[in-house]
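Beneath this line is the structure, given in structure tokens, with notes to follow.
Coordinate-derived values only; no laboratory data. All figures in this text were calculated on a predicted structure; none of them were measured in a lab. Note: ideal-geometry Cβ built from the backbone for every residue, glycine included; neighbour counts use all protein chains shown.
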Amino acid sequence: MNAKQKKNLIRIAVSGAMMLALEFVPVEGLARFVLYMIPYLIIGYDILIKAFQGIKNRQAFDESLLMAIATIGAISLALYDNGDYTEAIAVMWFYQIGEWFQSYAVGKSRNDISALMDIVPDTANVEGEDGQLEEVDPDDVEVGSVIVVRPGERVPIDGVVIDGTSSLDTSALTGEAVPRTIKKGEDVASGCINLSGVLKIRTTKEFGESTASKIMELIEDAGSRKAKTEKFITRFARVYTPIVTGLAVLLAFVMPLYHIATGAPAEWSTWIYRALIFLIMSCPCALVVSVPLSFFAGIGTASREGVLVKGASYLEALASTKTVVFDKTGTLTKGVFDVTGIHADDIDKDMLLHMAAHVERHSSHPIAVSLRNAFAHEADSCSVEDVEEFAGQGVRAKVNGKVVYAGNEKMMATAGVETHGCENEPVGALIHVAIDGKYAGHIIISDVVKDHSVQALKELKKAGVRQNVMLTGDVKEVGERVAKDIGIDRVCTDLLPQDKVAKFEEILKERKDENEMTAFVGDGINDAPVLRRADIGIAMGAMGSDAAIEAADVVLMDDDPLKIPTAMRIARKCMAIVRENIWFAIGIKVVCLILGAVGMANMWFAIFADVGVTVLAVLNAFRCMFVKGIKPENV
């Protein structure tokens with residue numbers, strides 16, 4: 001509970017105690033009015049100020065104005081009639097209780113998001129040439145600098161560990177409670193807490209481009225993206241409030257004039273009292289408060305589970321997702337390739353691997369990395385010249401004067417070389433190699449499926465997703481084998497980066513209902529266009545490219561595909577609660593307004609119709625905070 005919440009709680013307690021005590025004070029007339037105005041102003045001064053500011057800024061029609069008119073009107077009637085000011089104070093008192101519940105609920109959700117907001121440290125310890133540490137602003141640290149992170153400190157900037165071993169608390173980024181062991185040579189993301197040993201890290205990014213800073217930007221932007229439901233409630237309140245205010249005026253003045261015209265007593269006080277009751281009951285607090293609060297709570301809960309949702313509109317889209325399209329490498333698989341087989345024609349196997357590793361020397365593609373890792377002496381004295389990469393095909397280079405092609409069958413076609421495979425080989429990507437225009441053999445590279453991919457796809461089906469699709473640049477045999485192993489419904493293979501967008505467009509055209517959303521999950525730079533095109537783009541946040549994270553609407557902070565059905569579960573629960581609150585609030589309001597207009601409700605009934613319904617809706621919205629993530633089966 002923050003200071004403002006404590007202050008408001010004290011106001012509620014003090015004004016309530018004073019209101020109760022005044023019931024036993026035998027005082028009448030002006031003295032009674034003055035005494036009762038003390039608890040009224042204690043509990044309602046801020047509402048009166050807001051109402052006045054709304055009128056001043058020509059934005060008068062909100063709940064503050066309705067509360068001000070209703071309570072001042074009730075006080076005026078009490079002065080005129082029987083001097084009972086309790087009802088007017090009670091209206092403000094219960095209204096502030098409802099506001100306090102709302103504030104508390106928002107605070108609880110904000111704490112989940114604040115855990116992410118606090119991940120950026122204020123300083124970084126930079127090691128100088130003399131080995132001395134200098135404490136500087138992270139913004140001033142250049143790429144390639146060496147920073148030292150001691151136990152208990154947060155990593156300020158992304159980098160690679162060059163010395164030391166430690167355990168990292170990554171919960172603020174991933175929602176994962178189990179510490180991660182880090183050692184020399186491994187990448188480390190900013191925002192993690194160093195738990196044990198001292199780490200020396202060489203920075204690979206500027207502070208503004210680091211993981212923690214990017215997350216901060218995404219969180220700050222999230223509030224500006226309202227869901228369709230939120231926008232509807234905002235428009236509804238703008239139209240609804242002036243209408244009910246006009247109806248209250250009709251009740252207060254037109255009905256008495258009608259009675260006068262028909263020869264009946266005017267009963268001004270009766271109709272003004274009904275109008276005030278009508279105003280209190282008409283206040284749209286339950287809708288205006290509970291709907292945004294439900295979305296806010298949902299986003300907070302998702303962040304606690306390691307899923308960053310960039311706005312309420314994307315939470316709403318997730319709840320309606322019926323088709324999920326996946327990239328393969330780095331998304332459903334780890335993107336960690338191993339050499340699982342070598343077939344050489346008239347050449348030594350080690351020499352074939354040697355040539356392929358040299359050709360791929362300067363490529364950052366995961367397959368190239370696996371080839372270099374498989375050939376321990378890749379960084380030897382061999383001459384590698386005229387390196388040229390062919391997008392979606394492979395690489396050509398001169399190795400010790402020999403022209404070497406390494407890539408897929410399209411690459412071999414470019415080289416004018418005929419390829420062949422072998423029986424009983426491990427399933428994987430074939431890297432064909434041609435030397436001086438002659439086929440030399442091929443190397444089998446296999447990717448590793450992520451631990452929770454199979455379970456994630458099953459959980460998506462349980463969540464109501466009708467179709468899981470995989471788009472991959474792998475050859476048909478490899479793509480279909482992976483799809484069969486993990487339970488993909490449909491797979492499209494042999495796709496170049498530009499083909500993915502076209503194939504995704506085809507999938508979009510197949511849907512029968514425009515209200516059904518189609519999501520795309522990816523991690524690489526080449527996935528960014530599809531992520532932008534999708535109804536809901538989901539990116540891998542730990543190992544994914546900056547372009548993919550920027551283009552996505554949802555970011556999985558630990559790259560675990562099991563977080564997708566978790567996010568969907570949270571989104572659907574959130575939308576169910578939103579719909580419940582809308583129907584509940586509107587239904588109760590309509591019934592109560594009719595009862596108030598015909599004189600079958602008093603001020604206390606009006607208080608329930610306003611504050612009671614708001615509190616119940618807020619408490620219902622609280623349920624968004626208690627949605628649990630899906631637990632891995634192998635844990």
*At Asp140 and Ile49, where each label point lies 7 Å from the Cα along Cα→Cβ, what is the point-to-point distance in nanometres?*
4.0 nm
*Quick one: if the Förster radius is 25 Å, what FRET efficiency do Thr270 and Ile72 give, using the C-beta to C-beta distance and rounding to 0.05?*
0.85
*Find the centroid of the Cα atoms in segment 242-273 and in segment 468-535, then give the distance between the two in whole Å.*
64 Å
*Taking Lys398 as the anchor, which lysines have their alpha carbon closer than 26 Å to its alpha carbon, excluding any fewer than eight residues away along the same chain?*
Lys349, Lys410, Lys438
*Estimated distance in nm for a label pair at Leu257 and Ile586, the labels positioned 7 Å out from Cα along Cα-to-Cβ*: 3.2 nm
*Would you work out if segment 456-513 is rounded, prolate or oblate? Take a ≥ b ≥ c from the square roots of the eigenvalues of the alpha-carbon gyration tensor; rounded if a/c is under 1.5, else prolate when a/b is larger than b/c, oblate otherwise.*
oblate
*asked:* Just to be sure I understand the model, the point goes 7 Å from the Cα along the line to the Cβ. What's the resulting Thr181 to Glu506 distance in nm?
replied: 4.6 nm
_Those residues of segment 318-344 whose amide nitrogen sits under 17 Å from the label point placed on Asp513, 7 Å along Cα→Cβ_ = 318-324
*asked:* Viscosity 0.692 mPa s, temperature 37 °C: what is the translational diffusion coefficient of segment 338-446 from Stokes-Einstein with a Kirkwood Rh over Cα pairs, rounded to a whole number of µm²/s?
replied: 244 µm²/s
*trypsin sites (Lys or Arg not before Pro) restricted to DSSP loop in segment 472-540 with at most 10 other C-beta within 10 Å*: Lys512
_Going by amide H atoms built from the backbone, whose H comes under 5 Å of the H on Ile630, apart from near neighbours?_
Thr566
*Counting alpha carbon pairs within less than 8 Å and at least 6 residues apart, what relative contact order, in whole percent, applies to segment 338-446?*
30 percent
*At R0 = 41 Å, FRET efficiency that the Cβ-Cβ distance of Asp84 and Val239 yields, to 0.05*: 0.75
*What is the calculated FRET efficiency for Arg532 to Glu28, with r their C-beta to C-beta distance and R₀ = 56 Å, to the nearest 0.05?*
0.20
*At what distance in angstrom do the alpha carbon centres of segment 562-635 and segment 289-310 lie from each other?*
15 Å
*Ordering of 389-396, 354-361 by packing [mean C-beta count within 10 Å, highest first]*: 354-361, 389-396
*Nearest 20 debye, what's the magnitude of the dipole of segment 338-446 about its Cα centre given +1 on Lys and Arg Cβ and -1 on Asp and Glu Cβ?*
200 debye
*Could you sort 198-205, 11-18 so that the peptide with the highest average Cβ count within 10 Å comes first and the rest follow in order?*
198-205, 11-18
